[in-house]
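The values are calculated or read from the model by the stated rules, or taken from the named source; none is laboratory data. Values in this document were obtained by computation on a predicted structure and should not be read as measured data. Cβ atoms come from the backbone with ideal geometry, glycine included; neighbour counts cover every protein chain shown. Quick note on the areas: whole protein, heavy atoms, side chains included, nothing else; ligands and nucleic acids left out. Shrake-Rupley method; radii C 1.70, N 1.55, O 1.52, S 1.80 Å.
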Amino acid sequence: MSWITLQQAQLAYGHWPLLDKVDFSLNEQERVGLIGRNGAGKTTTLRAIMGHLPLVAGTIHFDGQDLSRLPPHARAGLGIGYMPEDDCYIHGLSGIECMQVAARLSRMSATEGLRRGHEILDFCGTGQERYRPVETYSTGMRQKLRFAMAIVHDPKLLILDEPTASVDDISEEEITKALEREANSGRIVL
């Protein structure tokens with residue numbers, strides 16, 4: 001059985017097709033990269049899986065659930081982690097506070113979210129910076145924080161949009177190593 005399946009997934013903006021009959025299936029412990037030119041639909045596909053863009057036809061199934069029929073907020077407890085390409089933090093919050101927000105959105109308790117937030121920030125190599133406001137972070141540090149926020153709830157499916165874009169070589173290497181550890185832990189990584 002596939003953990004995630006897109007069948008004839010279609011999206012459109014008015015009369016303009018964004019995705020046209022996308023089909024693929026991923027099983028547990030698979031790592032897949034979507035490759036294509038700008039505008040090919042990679043980010044659109046990821047956003048459709050997350051429910052940020054509704055399908056006009058077709059289905060998306062994950063772990064026995066029809067995601068195409070669930071609103072985005074109903075997906076919180078399904079075990080999907082998402083790292084968007086763009087910054088996704090609340091101005092004025094520290095790194096650890098952002099982790100707590102991500103944990104709470106994934107239905108973790110405040111105490112467990114704080115504990116897990118520290119654990120994941122340690123895993124990602126974030127030291128005392130976790131107490132600074134995120135807007136003072138470098139691009140690489142913000143990228144690591146987005147990755148940490150995506151895995152705070154130990155998801156079964158990890159969706160990453162441009163996880164190493166615009167970061168220095170050291171940050172890229174650190175993020176790539178963390179991704180390898182996540183993929184080797186039995187997750188589906190897209």
Next on the checklist: Based on this model, can you work out whether residue 145 counts as modelled with pLDDT of 90 or more, crowded, with 20+ Cβ neighbours inside 10 Å and in contact with a helix residue (DSSP H, G or I) (Cβ under 7 Å, 6 or more places away or on another chain)?
Outcome noted: yes
Next on the checklist: If I ask for residues that are open to solvent by 40 Å² or more (accessible area, probe 1.4 Å) and either of a type in the set (Val, Ile, Thr) or part of a strand (DSSP E or B) (or both), which ones from the stretch 83-124 would you list?
Outcome noted: 90, 101, 111
Checklist entry - Within the stretch 38-53, is there a residue that is out of contact with any Leu (no Cβ under 9 Å at 6 or more places or on another chain) and either among the charged types (D, E, K, R) or at pLDDT below 90 (or both)? => result yes
Checklist entry - Do we find that residue 155 is in contact (Cβ under 8 Å) with a residue 60 or more places away in the chain, under 12 Å from residue 81 (Cβ atoms) and in contact with a helix residue (DSSP H, G or I) (Cβ under 7 Å, 6 or more places away or on another chain) in this structure? => result no
Next on the checklist: Any residue at all in the stretch 73-82 that's open to solvent by 50 Å² or more (accessible area, probe 1.4 Å), of a type outside the set (A, V, I, L, M) and at pLDDT 90 or above?
Outcome noted: no
Checklist entry - Any residue in the stretch 38-55 that is touching a residue at least 12 places away in the same chain (Cβ under 8 Å), surrounded by 13 or more Cβ atoms within 10 Å (Cβ to Cβ) and in a strand (DSSP E or B)? => result no
